[in-house]
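Derivation of every value follows stated rules applied to the coordinates shown; laboratory data play no part. Keep in mind the model is a prediction, meaning the values are calculated, not measured. Neighbour counts run over all protein chains shown; Cβ positions are idealised from the backbone, glycine included.
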Amino acid sequence: MSNEGAAGDVASLSTLGTRPPFYRDATVVKWLSQVVGLILVLLGLFFLASQAQNNLEARDIATGYDFLGTALGSDLGSGIDTDPDTSGRALWVGMVNTIRLAIAGIALATLLGVLVGVGRLSRNWIVSRTSSVFVETLRNIPLLVQIILIFVVIASLPRVETDQGPIHGWLHISNTGVSIPRVTIGDGFYQWIIFVIVGAALGWQVMRRQERRHDLTGQQTYPWLSLTGVVAVFAAVGWFAHPALGWVGAIFDAIASGVDALTPGIVQLVISLLAIAAAVQWIRRFLASHRTPAGLTKLIDDDYFRIIFAAASAVLVILFVTLGWPGLSSWIINSGRDLFEVIADKFGDGRTGVPITAYRPDIEQLGNFPNYGPAGLNLIQALAAVYFGVVLYTAAFIAEVVRGGILAVPKGQSEAAQALGLRRTTMLRRVILPQAFRVILPPLGNQYLNLTKNTSLAIAIGYSDVVQVGQTVYNQTGKTLEVVSIWMLFYLACSLTISVVVNFFNVRMRIVER
Amino acid sequence: MSISDATVAVSEELAARDDMIVCRGVDKWFGDFQALSGITATIKEQEIVVVLGPSGSGKSTWIRCINRLEAHQSGQIIVDGIELTNDLRNIEKIRSEVGMVFQQFNLFPHLTVIDNITLAPIWVRRKSRPEAEEQALSLLERVGIPEQAQKFPGQLSGGQQQRVAIARALAMEPRVMLFDEPTSALDPEMIKEVLDVMEELARSGMTMMVVTHEMGFAREVADRIIFMEEGEIVEVGTPHHFFTEPAEERTKLFLSQVL
């Protein structure tokens with residue numbers, strides 16, 4: 001019904017009478033101003049870049065990212081590779097450190113924040129007081145001070161001793177930090193993970209089946225329990241049966257050589273066809289949405305602009321891949337081949353060992369004092385300080401976000417749920433939390449961004465995150481601008497990833513108002 | 001005083017029926033403030049009781065005590081033979097037998113109309129979804145808005161929302177319905193559609209306890225009217241008695257202000 005109304009409006013709009021001159025035509029002005037704005041921004045960026053290039057050349061400062069391939073003369077404190085060959089590799093190690101810190105931090109900060117936030121609302125006096133003190137203390141002290149405080153506190157712990165620590169030596173806490181068991185991926189891991197993935201897919205089906213059965217019959221079912229059970233069974237079977245999948249590597253090898261056989265021309269053709277297909281598809285969908293039972297509605301100028309814009313985008317993409325940057329195609333071929341070769345290598349022949357192994361932390365004495373050996377996962381002092389620093393600090397803010405979200409659900413909602421006889425857990429799960437979550441999500445995303453960016457304070461205590469490593473790199477190479485640009489792009493990429501994930505859930509949770 | 005009034009006012013025909021709600025000497029304090037003092041009344045099966053009184057007289061508090069949204073501090077409340085105590089099992093039983101309609105509707109905004117209605121039947125009564133949806137549709141038919149099933153509460157008018165709230169409460173097949181000022185938040189032109197539904201419900205034999213300011217509804221539909229002031233029951237009687245020859249001075253004063 002509303003479609004007809006809209007169609008009627010469009011019809012009446014277009015019969016409004018004579019056309020105004022183009023500079024007063026709202027549609028033309030809207031599109032023209034956007035196109036002009038886009039061109040201006042691009043020109044401005046181009047101007048700034050060339051200006052900076054000229055200035056640097058005039059002052060005889062060499063630019064470019066060649067330094068990423070040159071050797072770095074120093075070691076890193078910690079990371080996947082503490083003795084990297086090149087500056088680029090060192091920066092990569094720093095990025096991995098930052099990403100690991102951010103992911104582990106977000107997980108623990110969320111858990112802690114939710115507990116404390118709910119705790120502040122608890123009717124239990126001790127729980128609510130403790131939670132309040134936690135929040136008020138942590139959020140009112142600068143993060144940098146907290147990180148240094150934790151660093152100092154760890155330094156005042158007892159020294160590493162050669163005798164066994166608590167839990168039969170599975171945990172060590174000392175002034176060097178914390179050492180916990182290291183869990184490593186063994187030879188058969190990738191074959192085993194296939195079993196787990198198949199189990200997860202199957203378990204998912206079982207879970208959906210159980211949910212449907214609950215819907216249809218009202219019987220009590222256990223969807224999550226079944227999912228866990230199926231995955232566990234497959235993981236257990238796969239633990240012993242994974243050598244049977246030794247042939248998987250050959251498939252990826254075949255794919256890799258298939259990709260390698262492609263020529264840049266084919267890739268350009270495929271991308272061009274995809275661009276055309278996408279544009280055609282978009283235009284067809286657009287026209288379909290304007291079709292009513294009475295036939296195609298009259299398109300207004302705005303619609304024509306959209307269609308032209310879609311077609312022009314496709315042409316631009318084709319021009320870019322064929323003429324603008326022909327090298328892109330060979331780059332895609334090379335990285336595609338490399339990717340599948342790496343995967344094939346993971347499944348390589350003879351990889352039939354135990355999928356996962358846990359090692360007990362060891363203590364070795366190389367010099368005068370004993371220290372943690374390589375067997376354990378060592379949360380060294382600096383890492384522990386920055387990790388617990390950002391986690392505690394962010395948890396305090398997340399707690400407030402959670403508390404606010406729950407309080408934002410009107411009291412009438414829980415009263416209505418109680419009056420219907422819903423149990424407390426059902427009420428929380430079906431009524432309160434879905435509404436609170438919608439309020440909590442946007443500010444929660446902000447806290448995740450803050451946590452990720454705050455990990456850069458690691459530089460204060462010398463943990464090798466991307467900023468600290470970057471500083472080392474530009475001290476040695478003098479490429480300040482380039483390193484800063486890498487930092488910016490890296491943090492931008494992290495932040496955008498988090499935003500995209502949070503927004504995805506945000507859109508899904510939105511309530512229809514009218 | 002109120003004790004004898006409440007008992008005397010029950011007509012013989014009513015007196016023969018089973019007791020549905022029994023309150024004996026119910027007291028309720030909010031801090032130092034006594035919201036209910038010595039409430040004693042019996043509501044019979046299939047009876048329609050309208051509770052009147054100035055704002056702050058404890059009408060809503062009393063009705064909210066009956067399904068334990070507020071806890072009373074002394075006295076007895078017995079619903080359909082089950083005493084309301086701290087025993088969670090009793091509270092659960094009573095709540096699933098007593099339906100409640102709120103002034104602010106309190107629909108769940110994140111669920112569609114039909115999901116609002118089927119939520120409790122599915123998760124409390126353990127009905128299957130098709131069964132619960134069939135029931136929900138027939139209830140929507142009954143309250144006159146079957147075409148709104150797939151909409152969200154925010155897309156409905158106030159009157160429609162309150163009718164959905166009534167359908168939601170009815171879906172639990174309650175033996176008693178409590179109405180806490182169901183029309184006070186509505187625009188004047190929507191009040192009638194809700195009152196019509198309530199009248200139909202009354203005719204169908206539901207036991208109802210209604211807190212309202214709608215004197216017309218009280219006069220037409222009620223079997224008995226209970227007048228409260230300052231947390232006490234002042235006077236109990238049939239609508240005829242209440243509106244034409246009230247006994248108490250306070251009742252007369254109230255009626256002179258609202259009529």
Picking from A:Gln435, B:Gln104, A:Leu273, whose Cα lies most toward the positive end of the charge dipole for the protein assembly as shown (charges on Cβ: Lys, Arg +1; Asp, Glu -1)?
-> A:Leu273
Chain B - charge dipole about Cα centre, Lys and Arg +1 at Cβ, Asp and Glu -1, debye rounded to 20 | 740
Residue exposure sequence - B:Met172, B:Met228 - by fewest surrounding Cβ within 10 Å = B:Met172, B:Met228
Calculate, in nm to one decimal, what A:Leu42 and A:Ile141 gain on full extension: separation in residues at 0.36 nm each, minus their alpha carbon distance.
-> 31.4 nm
Going by the alpha-carbon gyration tensor, a ≥ b ≥ c the square roots of its eigenvalues, is region B:136-218 rounded (a/c under 1.5) or, if a/c is not under 1.5, prolate (a/b greater than b/c) versus oblate?
-> oblate
Contour minus end-to-end for A:Ser330 and A:Lys298, with contour as 0.36 nm per residue of separation and end-to-end as the Cα-Cα distance?
-> 7.0 nm
Give the calculated FRET efficiency between A:Ala232 and A:Ala254 to the nearest 0.05, with a Förster radius of 25 Å applied to their Cβ-Cβ distance.
-> 0.15
Counting partner chain Cβ atoms within 10 Å of every residue's Cβ in A:485-493, what's the average?
-> 0
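When the helices in chain A are scored as -39500 (n - 2.57) per DSSP H run of 4 or longer and the sum is shared across all residues, what 222 nm value do you end up with, to the nearest 500 deg cm²/dmol?
Helices in chain A give a 222 nm mean residue ellipticity of -22500 deg cm²/dmol.
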Could you point to the residue in B:Gly81, B:Gly53, B:Ile63 farthest towards the positive end of region B:41-86's charge dipole, with +1 and -1 charges on the Cβ of Lys/Arg and Asp/Glu respectively?
-> B:Gly53
What residue among A:Gly348, A:Val409, A:Ile498 has its Cα farthest toward the positive end of the dipole of chain A, where the charges are +1 on Lys, Arg and -1 on Asp, Glu, each on the Cβ?
-> A:Val409
Which value at 222 nm does chain B reach when only helices count, each DSSP H run of 4 or more adding -39,500 (n - 2.57), with the total divided by all residues and rounded to the nearest 500 deg cm²/dmol?
-> -12000 deg cm²/dmol
With a ≥ b ≥ c from the Cα gyration tensor eigenvalues, square-rooted, and the rule rounded for a/c under 1.5, otherwise prolate when a/b > b/c and oblate otherwise, region A:25-135 is oblate
Can you work out the FRET efficiency for the pair B:Ser204 and A:Arg129, with r the C-beta to C-beta distance and R0 = 45 Å, to the nearest 0.05?
-> 0.30
Please give the residues of region B:14-28, grouped as numeric ranges, whose backbone N is less than 20 Å from a label point set 7 Å along the Cα-to-Cβ vector of B:Glu248.
-> B:22-28
Residues of B:81-93, mean number of Cβ from any other protein chain within 10 Å of their own Cβ, rounded to a whole number?
-> 1
Simple spin-label estimate for A:Gln365 and A:Val35 in nanometres, 7 Å along Cα-Cβ = 8.0
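Please arrange B:Arg219, A:Arg24, B:Arg163 by counting, for each residue, the other beta carbons lying within 10 Å of its beta carbon, fewest first.
A:Arg24, B:Arg219, B:Arg163
Using +1 on the beta carbon of Lys and Arg, -1 on that of Asp and Glu, and nothing else charged, what's the dipole of chain A about the Cα centre, debye to 20?
Approximately 2480 debye in magnitude.
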Which of A:Lys411/B:Lys127; A:Lys298/B:Lys151; B:Lys28/B:Lys192; B:Lys28/B:Lys59; B:Lys59/B:Lys151 exceed 23 Å between C-alpha atoms? The answer is A:Lys411/B:Lys127; A:Lys298/B:Lys151; B:Lys28/B:Lys192; B:Lys59/B:Lys151
Restricting to the protein assembly as shown, compute how many DSSP beta bridges are antiparallel as a %, nearest 5.
-> 70
Rounded to the nearest 0.05, what FRET efficiency is calculated for A:Tyr23 and A:Ile283 with R0 set to 30 Å and r the Cβ-Cβ distance?
-> 0.60
Is the shape of region B:86-130 best called rounded, prolate or oblate, per the rule: a/c under 1.5 gives rounded, else a/b larger than b/c gives prolate, else oblate, with a ≥ b ≥ c the square roots of the Cα gyration tensor eigenvalues?
-> oblate
When B:Met209, A:Met207, A:Met488 are arranged by how many other beta-carbons sit within 10 Å of their Cβ, fewest first, they go A:Met488, A:Met207, B:Met209
Antiparallel content of DSSP bridges confined to chain B, in %, to 5 | 55
